[in-house]
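Contents: one structure, followed by commentary.
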Amino acid sequence: MKFLIDAQLPMRIANLLENLGYDVIHTKNLPLQNATPDSEINKLSILEQRIVITKNKDFLDYFLIKKEPYKLLLITTDNISNKQIEQSFIQNIFQIVELFMKYDFLEMTRDSLIIH
């Protein structure tokens, strides 16, 4: 499974996923780094079949209207620390991977994973 982590999320999430054996790109590693436009992130996601992980709700609009990106994990945890987000990933990553085998859009809140 391949992931593309958007700019609002820390590199630690990318490192965590890489350590678990997943193919991960953080926008910081793209040529335009964290200034990469959403449209370019969507193109790369579709081209390489990468799941975009983001807090940016603009991606939800793209997904609902254009079916871009390839798949989407929207983080809606409000204002919690990056450490808490990282803990949520640790607790949920295997369920996230399993759900993405069937579904194209998931939302991770403070307390749960929501299938859309």
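The values are calculated or read from the model by the stated rules, or taken from the named source; none is laboratory data. Computed from a prediction, not measured in an experiment: that's the story for all the values here. Counting neighbours? That spans all protein chains shown, and the Cβs are built from the backbone with ideal geometry, glycine included. Ligands, DNA and RNA are stripped out before the accessible areas are found, and what is left, the full protein with its side chains, is counted by its heavy atoms. Shrake-Rupley method; radii C 1.70, N 1.55, O 1.52, S 1.80 Å.
Scanning segment 68-83 for residues that are open to solvent by 40 Å² or more (accessible area, probe 1.4 Å) and either under 12 Å from the mean Cα position of the chain (by Cα) or free of Cβ contacts under 8 Å to residues at least 12 places away in the same chain (or both) yields Tyr70, Asn79, Ser81, Lys83.
Looking at Ile13, Ile115, Ile96, Ile25, which one is free of Cβ contacts under 8 Å to residues at least 24 places away in the same chain and either open to solvent by less than 30 Å² (accessible area, probe 1.4 Å) or within 13 Å of the chain's Cα centre (by Cα) (or both)? Step by step, each of Ile13, Ile115, Ile96, Ile25 is checked, and only Ile96 is free of Cβ contacts under 8 Å to residues at least 24 places away in the same chain and either open to solvent by less than 30 Å² (accessible area, probe 1.4 Å) or within 13 Å of the chain's Cα centre (by Cα) (or both). State yes or no: is Val52 open to solvent by less than 10 Å² (accessible area, probe 1.4 Å) and hydrophobic (A, V, I, L, M, F, W, C)? It is true that Val52 is open to solvent by less than 10 Å² (accessible area, probe 1.4 Å) and hydrophobic (A, V, I, L, M, F, W, C).
Can we say Gln91 is out of contact with any helix residue (DSSP H, G or I) (no Cβ under 6 Å at 6 or more places or on another chain), of a type in the set (S, T, N, Q) and open to solvent by 90 Å² or more (accessible area, probe 1.4 Å)? Spell out how you get there, then give the answer.
Details: out of contact with any helix residue (DSSP H, G or I) (no Cβ under 6 Å at 6 or more places or on another chain): yes; of a type in the set (S, T, N, Q): yes; open to solvent by 90 Å² or more (accessible area, probe 1.4 Å): yes.
In short, yes.
Considering the conditions (1) farther than 21 Å from Tyr103 by Cβ; (2) assigned to a helix (DSSP H, G or I), Ser45 is excluded by exactly one of them, (1).
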